[in-house]
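Encoded as structure tokens, the structure appears first; notes follow it.
Where a number appears in this text, it was derived from the coordinates with a stated rule and is not lab data. As the structure is a prediction and not an experimental result, all values here were calculated from the model. Heads up, the Cβs are rebuilt from the backbone with ideal geometry, glycines too, and the neighbour counts pull from every protein chain shown.
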Amino acid sequence: MATTGHGSQGPLAGVRVVELAGIGPGPFAAMLLADLGADVVRVDRPGGAVLGIDPAFDLTNRNKRSVLVDLKAEDGAGQVLGLVERAHVLIEGYRPGVAERLGVGPEACLARNPLLVYGRMTGWGQDGPLADRAGHDIDYIALSGTLSMIGRSGEPPTVPANLVGDYAGGSLYLVVGVLAALQHARTPGGTGQVVDAAIVDGAAHLATMIHGMLAAGHWQDRRGANLLDGGSPFYGSYETSDGLYMAVGPLEPRFYEEFATLLDLGDEAPDRDDFGRWEELRALVAERFSTRTRAEWTKIFEGTDACVAPVLSLREAPGHPHLAARSTFLEHSGLTQPAPAPRFSATPARVRSGPALPGADTEAVAADWDLPGLLTSGKEPAG
């Protein structure tokens, strides 16, 4: 099944990561590290998939290896601490205090490995009035103010899947924190440390530019009324005659001029800087787009700087000529999936293995990490 972790490519080749199985942003952060070449060992719990889907399709577990450890068993914590002693990074996404109760909290882990980077992924963070409360992506981006910006004026906020909170505000910030802490641990006199990555913190931080614009009086504190939130008639999506959509974004005047010419707005169009006539301009742009299909408009705007693109579905995107030319998507283990990002000139990353099946790599990890005791932990590997 999975590779042994030896000879892996990428800038993080040689870095060992222990991931305590969870769902959402923790596994995605570990996948990013694995994509970059780290040897990520996911500690799965006996009893099936955490997410409730077939593990063979869980792409966030690609490039990883899996062992089964029952952390509630008598020797469970010891098995994980054995891995920790040989690792550089640990990632967990439990509620505050759970890892400690299981015997694998920061104190226990750093006692075994003082240079360990202990990455903690939560929604609310390790402290504060809400730290112990349940929550999901939508709650975190709501409280941070981020959700309030997304959607049309006069309508409920639009839910941006779980990309803004879980993955942008959560996973990406955890990875940045882990890599920074790893760099510190490797400097002379450096130490291990705990990285407290809270989705609510990251989601708030993502809006730093907007807060600056708000303070300067260039952003209204309501959605659908600003240049970048769909309030502008030249920054949004428009339906075509076949019920599909085109995305429009010619913010700069010279790009807008090209857009207006190709859309044939004519002299009747209100001036783009006349905010009082934005709705009139929006209606005119919508009327023009409704006269042709998405394919026809794509052809018209092709090769121009009008900043217009077709809104493609998840299944359509891999077939777009630009994404195909860059191999933005690839097929591995029979699954079409996004390729590792970003790209490196000297240490290219790649997909080395498909989704790790729970417990399937116990024997290989036991040999590679010199932990023969793993062979007797947990249950038999998944078939």
Checklist entry - So what is the relative contact order for the chain, in percent, with contacts set as C-alpha pairs under 8 Å and at least six apart? => result 22
Item to check | the range 53-101: C-alpha pair distances exceeding 15 Å, % | outcome: 61
Checklist outcome for this item: Of L262, L228, L81, the most mobile residue in a GNM of the chain (C-alpha springs, cutoff 10 Å) is L262
Checklist outcome for this item: Two pseudo-spin positions, 7 Å from Cα along C-beta at A317 and at S241, lie apart in nanometres by 2.9
Checklist outcome for this item: Taking every other residue with Cβ under 15 Å from the Cβ of I141 and scoring Lys and Arg +1, Asp and Glu -1, one gets -4
Item to check | Stretchable slack from L163 to T293, in nm (0.36 nm times residue separation minus alpha-carbon distance) | outcome: 43.9 nm
Checklist entry - How large is Rg over Rh for the range 243-347, taking Rg from the Cα atoms and Rh as the Kirkwood inverse mean of 1/r across Cα pairs? => result 1.09
Next on the checklist: I need the GluC sites (Glu not before Pro) found in the range 58-151, filtered to DSSP loop residues with at most 14 other beta carbons within 10 Å of theirs.
Outcome noted: E74
Item to check | Per-pair calculated FRET efficiency, R0 = 22 Å: E363 and A13 via Cβ, rounded to 0.05 | outcome: 0.50
Item to check | Sites D267 and Q220, calculated FRET efficiency, Cβ-Cβ separation with R0 25 Å, nearest 0.05 | outcome: 0.25
Next on the checklist: If I stretch the segment between R343 and R112 completely, what's the gain in nm (0.36 nm per residue apart, minus their alpha carbon distance), one decimal?
Outcome noted: 79.7 nm
Next on the checklist: With a cap of 16 neighbouring Cβ atoms within 10 Å, and only residues DSSP puts in a loop, list the GluC sites (Glu not before Pro) found in the range 305-374.
Outcome noted: E316
Checklist entry - How much FRET efficiency would the formula 1/(1 + (r/R0)^6) give for D370 and R133, where r is the Cβ-Cβ distance and R0 is 51 Å, rounded to 0.05? => result 0.80
Item to check | Reciprocal of mean inverse Cα separation for the chain (Kirkwood radius, Å) | outcome: 23.3
Item to check | Spin-label pair A325/R350, simplified geometry with 7 Å Cα→Cβ offset, distance in nm | outcome: 2.4
Item to check | Distance in nm between pseudo-label sites at E100 and R152 (7 Å out along the Cβ direction from Cα) | outcome: 4.9
